[in-house]
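Structure first, commentary second.
The values are calculated or read from the model by the stated rules, or taken from the named source; none is laboratory data. Since the structure is predicted, the reported quantities are computational estimates derived from the model, not experimental observations. So basically every Cβ, Gly included, is an ideal-geometry build from the backbone, and we count neighbours across all protein chains shown.
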Amino acid sequence: MKFNKNLAAIHGYLCADGYVIRNPKHQKHKYYHIGLRNTNQSLLEDFQQKFEAVFGIRPIITNEGRCKIQNKEIYNFLTKNFSYYSYEWKLPKLSKENLSYWLRAFFDCEGWVENQPAKSRLVGVDCCNEAGLLSVQEALNKFNIASEIKKKRERIIWRLTICGIEDLKKFHKYIGFLHPNKNQKLNEAINSYKDYNWNIPEDKESLIKFILRKGKLRKERNEIKLLSIKSKNMMNLRKILNKHNISSKILGPWKATSGSLYYCLIIKNMEVKV
């Protein structure tokens, strides 16, 4: 099977919500069914268009949420080296470009987006095919997208999750969703992240105001303490302080009760008007 981006997407669709089946051998009536089950019209139309582009035949979209066709020749072509059953499907060897189309189709069908700001933002997918899901994880690694797989308790189901602003951004850039609702939720999840990078002013007057606004004054110790989860903020601030001959010290990283790491910058004997 020689893959292009359209056939890669078709294969991904079929492994997720599709079927490629024929009649039992003992049955006299012969049939060869190929189709995609999904309630989203955009995905059904995308499958339909890509199928026609590859095979020159246009499957029909029904009112019951399916895009389907019967064809023995295409059935034999699709099943020559691959199975599409839930526990058996395998991710084929694909170029990086074609791989992004396979992954997009798979996540469009099986994936979801969770967006609980300050608590949980992720792209997830559940699957009963552990080997298949591990191959999806390996494929994501090719785009430098980190993910985690865990088995669900008391069920033969594995869950893959993609978390963190940088990995969500890379997923959006290289894979993404055609599904409009999932695409919107992913954009909302990414946009909901607070920007923890500091925009530190260079001139001394503005710098002092910035420090007093961000920091905590401890008069008894004659110091100002600033905290940040970004070590880069501390390094940049100390660099600018040094230009104005203001000494400082960076401490950390320390672990917060939430489990996240943070850093502390302390300014001693600072001559500022409070």
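A compact table of results
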{"quantity": "Count of residues meeting criterion [at pLDDT below 85 and part of a loop (DSSP other than H, G, I, E, B)] in the range 195-228", "calculated": "2"}
{"quantity": "Among the residues listed as LEU178, LEU168, the single one being crowded, with 16+ Cβ neighbours inside 10 Å, touching a residue at least 12 places away in the same chain (Cβ under 8 Å), in a loop (DSSP other than H, G, I, E, B) and not hydroxyl-bearing (Ser, Thr, Tyr)", "calculated": "LEU178"}
{"quantity": "GLY56, sole failed condition from (1) surrounded by 19 or more Cβ atoms within 10 Å (Cβ to Cβ); (2) over 30 Å from ILE157 (Cβ atoms); (3) not hydrophobic (A, V, I, L, M, F, W, C)", "calculated": "(1)"}
{"quantity": "Top-ranked residue of the range 83-102 - restricted to ones that are part of a loop (DSSP other than H, G, I, E, B) and buried (at least 17 other Cβ atoms within 10 Å of the Cβ), ranked as farthest from the chain's Cα centre (by Cα)", "calculated": "TYR84"}
{"quantity": "Check on SER231, modelled with pLDDT of 90 or more and either surrounded by fewer than 16 Cβ atoms within 10 Å (Cβ to Cβ) or not assigned by TED's automatic domain parsing to the domain that holds ASN144 (or both)", "calculated": "yes"}
{"quantity": "Of the criteria (1) touching a residue at least 12 places away in the same chain (Cβ under 8 Å); (2) under 24 Å from SER135 (Cβ atoms), which one TYR85 fails", "calculated": "(1)"}
{"quantity": "Cross-chain or 6+ apart pairs with Cβ under 8 Å, the range 49-72 first and on the phi > 0 side of the Ramachandran plot, then in a loop (DSSP other than H, G, I, E, B) and surrounded by 15 or more Cβ atoms within 10 Å (Cβ to Cβ)", "calculated": "GLY65/ASN38"}
{"quantity": "Boolean, ALA105 is touching a His at 6+ places or on another chain (Cβ under 9 Å) and either crowded, with 22+ Cβ neighbours inside 10 Å or touching a residue at least 40 places away in the same chain (Cβ under 8 Å) (or both)", "calculated": "yes"}
{"quantity": "Within the range 26-80, strands (runs of 3 or more DSSP E) holding 2 or more residues that are of a type outside the set (Lys, Arg) and in contact with a Pro (Cβ under 6 Å, 6 or more places away or on another chain)", "calculated": "66-70"}
{"quantity": "Of all residues in the range 234-255 being closer than 17 Å to ARG213 by Cβ and of a type in the set (Val, Ile, Thr), the one that is surrounded by the most Cβ atoms within 10 Å (Cβ to Cβ)", "calculated": "ILE246"}
{"quantity": "Selection status of ILE156, among the hydrophobic types (A, V, I, L, M, F, W, C), in the same structural domain as LYS93 (by TED's automatic domain parsing) and over 30 Å from GLU45 (Cα atoms)", "calculated": "yes"}
